């Protein structure tokens, strides 16, 4: 059931703002119903303190849209045995894959508490990155499945090819700043193209300290996207 509260103020706007502060959401995230309007005052109540009541109801789906930015998933800490098994699985796969790749291809596998970081490097592996990294992320999912084989917990694999992710991160940060300036100038929200969760996180993180801007994610995978808009202060 959607969350609702009744808020009060001396004016309708003040009542709404008080309610938004309690719910910690922006105005476009709620449905508003005025219960007592400041204009509907009888002769006998003219001397009484002016109070306006409004009911604010959080729109369906808002909680889900906010979770991505404020509620990171709980990470599983892998045992050393699980990590060793994961490395063994991935290395076996990469040795076979390397035979199909350019001769100068090199790979590296690094262990972390949360999984593995795998890097592939060569002069010409662009076809393994794909448009907006689609092929890269597909390979990353495959590697995670391979690494997890024989382990109790799922092993998270982070794959990078030819330093693509660092370049993409810089591109997304520049995009975030550019769009934020446009939103401030035009006072209109902007929807970005659908992105991977990793890429959306970069946008959220880049703009979270901007006092004039807020970001939310909406839609379902694989068409989930970020909306950048002005904060309602």
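The values are calculated or read from the model by the stated rules, or taken from the named source; none is laboratory data. For clarity, every value in this text was computed on a predicted model and none was experimentally measured. With ideal geometry, Cβ positions are generated from the backbone for all residues, glycine too; neighbour counts draw on all protein chains shown.
Cβ-Cβ below 9 Å, separation at least six or inter-chain, first residue in the range 210-222 and on the phi > 0 side of the Ramachandran plot, second modelled with pLDDT under 90: which pairs? Short answer, once both residue conditions are applied: 219/65. Applying the criterion of being at pLDDT 90 or above and either exposed (fewer than 14 other Cβ atoms within 10 Å of the Cβ) or part of a loop (DSSP other than H, G, I, E, B) (or both) to the residues of the range 113-125, the residue that is farthest from the chain's Cα centre (by Cα) is 122. Just to be sure before I move on: is residue 110 surrounded by fewer than 15 Cβ atoms within 10 Å (Cβ to Cβ), assigned to a strand (DSSP E or B) and either within 26 Å of the chain's Cα centre (by Cα) or not assigned by TED's automatic domain parsing to the domain that holds residue 197 (or both) in the structure I sent? So residue 110 passes the test. Report yes if some residue within the range 190-197 is within 30 Å of residue 85 (Cβ to Cβ), in contact (Cβ under 8 Å) with a residue 40 or more places away in the chain and under 17 Å from the mean Cα position of the chain (by Cα); otherwise report no. For the range 190-197, residues within 30 Å of residue 85 (Cβ to Cβ), in contact (Cβ under 8 Å) with a residue 40 or more places away in the chain and under 17 Å from the mean Cα position of the chain (by Cα): present. In the range 90-104, the qualifying residues are those that are in contact with a strand residue (DSSP E or B) (Cβ under 8 Å, 6 or more places away or on another chain) and either at pLDDT 95 or above or assigned by TED's automatic domain parsing to the domain that holds residue 221 (or both), and the one that is farthest from residue 78 (Cα to Cα) is 94. Scan the range 167-176 and give yes if some residue there is touching a residue at least 40 places away in the same chain (Cβ under 8 Å), within 16 Å of the chain's Cα centre (by Cα) and not assigned by TED's automatic domain parsing to the domain that holds residue 89, otherwise no. For the range 167-176, residues touching a residue at least 40 places away in the same chain (Cβ under 8 Å), within 16 Å of the chain's Cα centre (by Cα) and not assigned by TED's automatic domain parsing to the domain that holds residue 89: present.
Return the residues of the range 96-107 that are over 34 Å from the mean Cα position of the chain (by Cα) and touching a residue at least 12 places away in the same chain (Cβ under 8 Å); say none if nothing qualifies. Once the filter is applied, which keeps residues that are over 34 Å from the mean Cα position of the chain (by Cα) and touching a residue at least 12 places away in the same chain (Cβ under 8 Å), the range 96-107 yields 102, 104. Looking only at the range 179-233, count how many residues are touching a helix residue (DSSP H, G or I) at 6+ places or on another chain (Cβ under 7 Å), part of a strand (DSSP E or B) and surrounded by fewer than 15 Cβ atoms within 10 Å (Cβ to Cβ). Selection size over the range 179-233: 1.
Quickly run through the range 6-21 and pick out the residues that are surrounded by fewer than 15 Cβ atoms within 10 Å (Cβ to Cβ) and touching a residue at least 40 places away in the same chain (Cβ under 8 Å).
Initially, the range 6-21 is screened for residues surrounded by fewer than 15 Cβ atoms within 10 Å (Cβ to Cβ), giving 6, 8, 10-11, 13, 21.
Those that are surrounded by fewer than 15 Cβ atoms within 10 Å (Cβ to Cβ) and touching a residue at least 40 places away in the same chain (Cβ under 8 Å): 6, 8, 10, 11.
Do we have any residue at all in the range 151-160 that's surrounded by 13 or more Cβ atoms within 10 Å (Cβ to Cβ), part of a helix (DSSP H, G or I) and in contact (Cβ under 8 Å) with a residue 24 or more places away in the chain?
Going residue by residue through the range 151-160, those that are surrounded by 13 or more Cβ atoms within 10 Å (Cβ to Cβ) are 151, 153-160.
Add one more test, that the residue is part of a helix (DSSP H, G or I), and what stays is none.
There is no residue in the range 151-160 that is surrounded by 13 or more Cβ atoms within 10 Å (Cβ to Cβ), part of a helix (DSSP H, G or I) and in contact (Cβ under 8 Å) with a residue 24 or more places away in the chain.
Listed conditions (1) modelled with pLDDT under 85; (2) over 25 Å from the mean Cα position of the chain (by Cα) are all met by residue 2, apart from (2).
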